[in-house]
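Below: one structure, written as structure tokens.
The values are calculated or read from the model by the stated rules, or taken from the named source; none is laboratory data. Predicted model, so just to flag it, every value in this text is computed and none were measured. Glycine also receives a Cβ, built like all others from the backbone with ideal geometry; neighbour counts cover every protein chain displayed.
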Amino acid sequence: MLSPVRLVSEAAELAARRHNGMARKGRGKEPYINHLAEVANLLATATDGADAELVAAGWLHDSVEDTDTEPEELAQKFSERVAALVLECTDDMGLSKAERRSRQVVDAPNKSAGAKLIKIADKVSNIGARIHPDPTTEERDDLLDYVDWAEQVVAGCRGGNQWLDTAFDDMVLRARTSL
């Protein structure tokens with residue numbers, strides 16, 4: 001088993017390699033790794049650094065969904081728990097966007113405590129990326145749509161970490177007042 005620092009460091013390195021060249025929606029098409037770093041940092045802050053596997057899973061939460069990474073690879077390189085958390089946060093990309101969104105809302109209350117925290121951190125990061133100083137009509141509509149849906153998902157994830165719940169609420173307030 002890797003030490004906690006190595007676990008997080010190697011997860012960050014793998015995430016950076018696997019997501020190399022990918023751009024994020026919002027925030028001027030910044031490198032996708034910025035999103036993964038933000039999610040991992042939110043999780044590290046929420047847990048005061050006490051859960052390296054959770055932080056590692058935060059770095060890797062989109063790796064199975066968006067790259068050729070296999071769950072078995074994550075289990076072997078990191079741990080069974082890291083792989084399980086990533087799988088819990090992985091959407092079935094064979095479904096339509098509407099169906100994926102609907103499943104996230106329905107499945108949220110049944111996720112593990114760690115997966116719920118990753119989902120909240122992911123939504124905080126994604127809302128923040130959609131806030132623009134002078135949004136176009138399309139950007140406003142996208143932000144409102146995303147916030148409305150994210151609130152439904154997070155409603156099923158709350159209660160595991162007060163700091164992260166508050167971070168989500170603060171981001172939603174920031175988004176709604178930016179319009």
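Conditions tested, residue by residue: (1) hydrophobic (A, V, I, L, M, F, W, C); (2) on the phi > 0 side of the Ramachandran plot.
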site	(1), (2)
Pro4	no, no
Val8	yes, no
Arg24	no, no
Lys29	no, yes
Tyr32	no, no
Val39	yes, no
Ala46	yes, no
Glu53	no, no
Asp68	no, no
inquiry  = Anything in the stretch 23-55 that is buried (at least 16 other Cβ atoms within 10 Å of the Cβ), farther than 13 Å from Leu117 by Cα and of a type in the set (A, V, I, L, M, F, W, C)? List them, or say none.
reply    = Ile33, Leu36, Ala37, Ala52
note = Counting only residues in the stretch 65-91 that are in contact (Cβ under 8 Å) with a residue 60 or more places away in the chain and either among the hydroxyl-bearing types (Ser, Thr, Tyr) or assigned to a helix (DSSP H, G or I) (or both), the one nearest to Tyr32 (Cα to Cα) is identified as Val82
inquiry  = Within the stretch 95-179, considering only helices (runs of 4 or more DSSP H) that don't extend past its boundaries, which have at least 2 residues that are within 17 Å of Glu38 (Cβ to Cβ) and aromatic (Phe, Trp, Tyr)?
reply    = 162-177
task = Looking only at the stretch 11-21, count how many residues are out of contact with any helix residue (DSSP H, G or I) (no Cβ under 6 Å at 6 or more places or on another chain) and either surrounded by 15 or more Cβ atoms within 10 Å (Cβ to Cβ) or under 10 Å from Trp59 (Cβ atoms) (or both).
result = 2
query = Of all residues in the stretch 71-121, which are closer than 26 Å to Leu2 by Cβ and acidic (Asp, Glu)?
reply = Glu72, Glu73, Glu80, Glu88
key: Total residues in the stretch 1-13, condition more than 16 Å from the chain's Cα centre (by Cα) and either modelled with pLDDT under 95 or part of a helix (DSSP H, G or I) (or both)   = 9
key: Residue pairs meeting the criteria (Cβ under 6 Å; at least 6 apart or on separate chains; first closer than 16 Å to Val39 by Cα, in the stretch 1-24; second among the acidic types (Asp, Glu))   = Arg24/Glu30
remark   = Scanning the stretch 143-173 for residues that are among the charged types (D, E, K, R) and surrounded by 14 or more Cβ atoms within 10 Å (Cβ to Cβ) gives Glu151, Arg158, Asp165, Asp169
Selected residue (criterion: surrounded by the most Cβ atoms within 10 Å (Cβ to Cβ)) from residues of the stretch 94-116 that are in contact with a helix residue (DSSP H, G or I) (Cβ under 6 Å, 6 or more places away or on another chain) and hydrophobic (A, V, I, L, M, F, W, C) = Ala115
ask   = If you go through the stretch 28-50 one residue at a time, do you hit one that is closer than 18 Å to Pro4 by Cβ, at pLDDT 95 or above, within 13 Å of the chain's Cα centre (by Cα) and of a type outside the set (A, V, I, L, M)?
value = yes
